[in-house]
Each structure stands twice: as structure tokens, then as C-alpha cells.
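Everything on this sheet refers to the single structure shown next.
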Amino acid sequence: MPAPKLIDVTPFEATIIKVNYDGFDWENLRPVCQNLINQRDTDVPLERGDAKSSVYGTLQPHSIKEFENFYKWLYPIANHILYEEWFYNKSFKTNIGSSWVNVHKKGGVTLEHDHGIVVMTAATYLQLEPGMGYIEFKDPLEYVKSSRPRYDNNVNDWRVVPAKTGDTFLFPGWLRHRTQENTLDKERWVLTTNFNRAVSK
């Protein structure tokens with residue numbers, strides 16, 4: 001007898017959603033991203049090895065023209081997920097609170113973290129090849145699953161999600177995540193965007 005077909009019928013919202021943007025002109029965009037890295041004035045503790053971030057910089061990607069088309073593409077997708085996939089009330093409005101780029105050269109990594117009360121985070125790969133390392137997400141039900149046999153907590157709690165250039169992951173700000181180490185002598189570039197609740201005036 002053949003094995004029965006298993007069908008996922010979970011009716012709850014998807015926590016991590018991936019979509020691909022194919023409009024980046026990396027040859028022209030790379031110097032813009034490098035300029036964002038160069039204008040930062042402090043190191044970022046989450047970035048280890050040969051890694052840098054523009055997170056504390058005064059200039060942010062969502063405010064410059066080189067990323068204008070990307071954000072015109074991204075914002076409607078974020079709203080669709082918010083209202084149609086995550087079932088937020090339509091009266092709940094968001095805006096982009098911050099954005100930045102990270103670059104990881106060989107050995108570079110971003111440590112485990114979350115984005116706190118941010119409504120939604122979008123992590124977009126501007127430049128990625130196999131061997132540069134992927135994003136990993138921590139199981140948000142790790143405590144609920146505490147009764148399961150655990151032989152290696154690191155394996156049980158973390159899941160890697162493969163990606164390619166242009167892939168954008170959209171997920172709630174509370175979800176803990178990190179990156180794998182870049183093992184190539186090439187640069188991995190990521191654009192991160194935080195959507196916050198818009199404050200009524």
C-alpha cells in the first residue's frame with residue numbers, strides 16, 4: 001500500500017514570506033551601498049568577523065532615489081501581507097521606520113537578534129551566491145516544544161532558509177534570526193527595512 005498523502009491544512013498565518021525582486025542593477029547600486037557603509041560612524045556589535053553595517057548611519061536606503069523603485073514594489077506587498085495574510089485591521093497603518101545595508105566578506109556574520117516591536121521586517125539580498133551563507137530563523141515555539149527529546153538544541157531550534165539574489169523575506173520583528181558565515185572571498189550584501197506602526201497626527 002502506498003504511503004498516504006499528507007496535506008498541510010494549517011489555517012494560521014505564515015510567519016515568514018519570501019518574494020523575489022529582479023529589478024536591481026547591482027553594478028550601479030554597489031557604489032551607492034558602499035557609500036552607505038562608509039558614512040556610518042560606529043561599529044555594530046551584531047556584526048562579527050569581516051562585516052559592516054550602515055544601521056547607525058544618517059542616510060537610509062528608503063530615502064534615496066536609487067532604491068525608489070524597489071520600495072514602490074515592496075510597500076504594496078507588505079500591506080497585502082499585513083492585511084490579507086496576518087489579518088491586521090485595515091485601520092492599522094504602517095510606515096518605514098528605518099532601513100540599512102549590511103556587507104559580509106569572508107568570515108562575516110550577523111549574530112542572533114530580533115527587531116523588537118517592529119511590525120514587519122524585510123530582509124532583501126542585494127548580492128548572494130551559494131557559499132555566502134543564508135539567513136536562519138529561530139523556532140518561535142521553542143519553549144512550547146520543551147517536552148520533546150532534544151539531542152542538539154542548536155539543530156532543533158534553528159532553521160536555515162536558502163535564498164538567491166533579489167529574494168526578500170518578510171517576517172514579524174519579534175522573530176529571532178541570524179546569518180550563516182560567508183565562506184567565500186566575495187561580498188554578501190543585504191538590505192534590511194523595518195515597518196513601524198504609523199503614529200496618527
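The values are calculated or read from the model by the stated rules, or taken from the named source; none is laboratory data. From a predicted model like this one, the values you see are computed outputs, not experimental measurements. Neighbour counts run over all protein chains shown; Cβ positions are idealised from the backbone, glycine included. Surface areas here come from the heavy atoms of the whole protein model, side chains and all, with no ligands, DNA or RNA. Shrake-Rupley method; radii C 1.70, N 1.55, O 1.52, S 1.80 Å.
Observations
- Residue 177 sits with roughly 10 Å² accessible to a 1.4 Å probe, with DNA, RNA and ligands left out of the calculation.
- The peptide list 2-11, 128-137, 82-91, put in order of mean Cβ contacts within 10 Å with the highest first, becomes 128-137, 82-91, 2-11.
- Surface share of carbon and sulfur [accessible, 1.4 angstrom probe, percent] for the stretch 70-201: 54
- Descending semi-axes in whole angstrom, ellipsoid equivalent of the stretch 85-201, from the Cα gyration tensor: 26, 22, 11
- Ranked by how many other beta carbons lie within 10 Å on average, peptides 65-71, 170-176 from highest: 170-176, 65-71
- Within the listed set 178, 40, 148, the residue fluctuating most in the Gaussian network model of the chain (springs between alpha-carbon atoms under 10 angstrom) is 148.
- The charge dipole of the chain, taken about the Cα centre with unit charges on the Cβ atoms of Lys, Arg (+1) and Asp, Glu (-1), comes to about 380 debye, rounded to the nearest 20.
- Spin-label pair residue 25/residue 197, simplified geometry with 7 Å Cα→Cβ offset, distance in nm: 4.0
- Eligible lysines near residue 65 by straight Cα distance, threshold 18 Å, same-chain separation 8 or greater: none
- Short-range pairs are left out: with C-alpha atoms under 8 Å and at least six residues apart, the relative contact order of the chain is 31 percent.
- Rg/Rh, computed from the Cα trace of the chain with Rh as the Kirkwood radius, has the value 0.99.
- Sum of -39500 (n - 2.57) over DSSP H runs of 4+, divided by residues of the chain (222 nm, nearest 500): -4500 deg cm²/dmol
- The packing ranking, built from the mean of other Cβ atoms within 10 Å per residue, places the peptides 18-26, 160-168 in the order 160-168, 18-26, highest first.
- Theoretical gain in end-to-end length, residue 83 to residue 186 [0.36 nm per residue, Cα-Cα removed]: 33.2 nm
- Solvent exposure of residue 63, expressed as accessible area, is near 80 Å², computed with a probe of 1.4 Å over the protein chains only.
- Electrostatic dipole magnitude of the stretch 94-144 [Cβ: Lys, Arg +1; Asp, Glu -1; Cα centre; debye, to 20]: 260
- Cross-link check: pairs 5/145; 18/164; 72/186; 106/186; 18/106; 72/138 evaluated at a Cα-Cα cut-off of 18 Å; pairs beyond the cut-off: 5/145; 72/186; 18/106; 72/138.
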